[in-house]
Amino acid sequence: MLELRGLRVTYGSTVAVDRIDLDVPAGQATALLGANGAGKTSTLRAISRLIPSEGSILFDGDDVAKVQPETLASRGLIHVPEGRHVFSALTVHENLLVGQTARSGRTPVFDLDDVYDLFPALKPLRKRLGWALSGGEQQMVAIGRALMSAPRLLMLDEPSLGLAPIVVSAVYAALAKVKAELPILLVEQNATVALSLCDRGYVLLSGDVAMSGTADDLGDREAMLDSYLGHKGDEEPEPAEMRRA
């Protein structure tokens, strides 16, 4: 569904992503792991065309390296960025309905009732405004809104970031059901939860792919994986993803 070949992202004289290759097969979930500053978020932003990049980006066989972000979304490549970004002045229900604007005639796999079934915690909150939601509730709304857009590929950036373990479990239980219907590209620092969902994984280190393999392969190399992931914590601002060329 998605193929990256030689993807390179630079900010001035610095390199955030250094000519990486990555595949997201149809019918699978793929994890992109790495410590703070590894280049994970820059990779997703490049795929979504939110930032310029070099190299080849093929989405369902089409070269989209020069396609505008809104056109990519209308084709079904849907990106849920870090930070949730719900509309604070809209209700939960209204936030979810906004997702319909990117459908472009596609029949959704998950309709509104399905989203509420995936995230039952949102059902009693339909009329609550976005600003009054907890972080976990906002994350559920952000993912639900993305599903309402009838994605053909769903990209998620750090969906577990800052959430309590019980909320992470609820989010990933929903994503397991989503995975059965849609391919997913998942950026995470929490390797344990990511590999519990995903079929394959890539580990970024200073913008390069340091390790890749099936989820079982990476789980078996836990000590090496931990050495690449480094400390856990929030993703740093974008300039921290750069390294000197």
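The values are calculated or read from the model by the stated rules, or taken from the named source; none is laboratory data. Note that the coordinates shown come from a computational prediction; the quantities given were computed from them, not determined experimentally. Reconstructed Cβ throughout: ideal geometry from the backbone, glycine too, with neighbour counts over all protein chains shown.
Details
- Number of residues in segment 84-111 that are assigned to a loop (DSSP other than H, G, I, E, B) and not aliphatic (A, V, I, L, M) equals 12.
- Within segment 134-163, considering residues that are more than 20 Å from Arg49 (Cβ to Cβ) and hydroxyl-bearing (Ser, Thr, Tyr), the one surrounded by the most Cβ atoms within 10 Å (Cβ to Cβ): Ser160
- Of the criteria (1) over 25 Å from Ser160 (Cβ atoms); (2) hydrophobic (A, V, I, L, M, F, W, C); (3) modelled with pLDDT of 95 or more, which one Leu118 fails: (1)
- Selection count, segment 95-133, where residues are within 19 Å of Ile78 (Cα to Cα) and of a type in the set (Lys, Arg): 2
- Count of residues meeting criterion [of a type outside the set (A, V, I, L, M), in a loop (DSSP other than H, G, I, E, B) and surrounded by fewer than 23 Cβ atoms within 10 Å (Cβ to Cβ)] in segment 8-47: 6
- A residue that is under 26 Å from Leu163 (Cα atoms) and buried (at least 23 other Cβ atoms within 10 Å of the Cβ) occurs nowhere in segment 48-71.
- The residue list Leu147, Leu77, Leu72, Leu58 contains one member that is in contact with a Phe, Trp or Tyr (Cβ under 6 Å, 6 or more places away or on another chain), within 30 Å of Gly207 (Cβ to Cβ) and of a type outside the set (Asp, Glu), which is Leu77.
- Verdict on Leu195 being in contact (Cβ under 8 Å) with a residue 12 or more places away in the chain, assigned to a loop (DSSP other than H, G, I, E, B) and under 24 Å from Ala46 (Cβ atoms): no
- In segment 208-226, the residues that are in a strand (DSSP E or B) reach residues that are at pLDDT 85 or above with C-beta atoms within less than 6 angstrom, at least six apart or across chains, in these pairs: Asp208/Asp18; Val209/Ile20; Val209/Tyr202; Ala210/Val203; Met211/Val203; Ser212/Tyr202; Thr214/Arg200.
- Residue in segment 53-71 that is of a type in the set (Gly, Ala, Ser), under 23 Å from Glu181 (Cβ atoms) and in a helix (DSSP H, G or I) present: no
- Taking segment 132-178 as the range and being among the charged types (D, E, K, R) and under 16 Å from Glu188 (Cβ atoms) as the test, the residues that pass are Asp157, Glu158.
- Residues satisfying the stated conditions in segment 77-92, i.e. crowded, with 16+ Cβ neighbours inside 10 Å and either at pLDDT 95 or above or out of contact with any Ser or Thr (no Cβ under 9 Å at 6 or more places or on another chain) (or both): Leu77, Ile78, His79, Val80, Arg84, Val86, Leu90, Thr91, Val92
- When segment 98-138 is filtered for residues that are hydrophobic (A, V, I, L, M, F, W, C) and farther than 25 Å from Tyr172 by Cβ, the ones remaining, listed by number, are Leu129, Trp131.
- Being farther than 30 Å from Ala35 by Cα and touching a Ser or Thr at 6+ places or on another chain (Cβ under 9 Å) is a description that applies to Thr101.
- Residue within segment 155-164 that is assigned to a strand (DSSP E or B), closer than 20 Å to Ser227 by Cα and either in contact (Cβ under 8 Å) with a residue 60 or more places away in the chain or hydroxyl-bearing (Ser, Thr, Tyr) (or both) present: no
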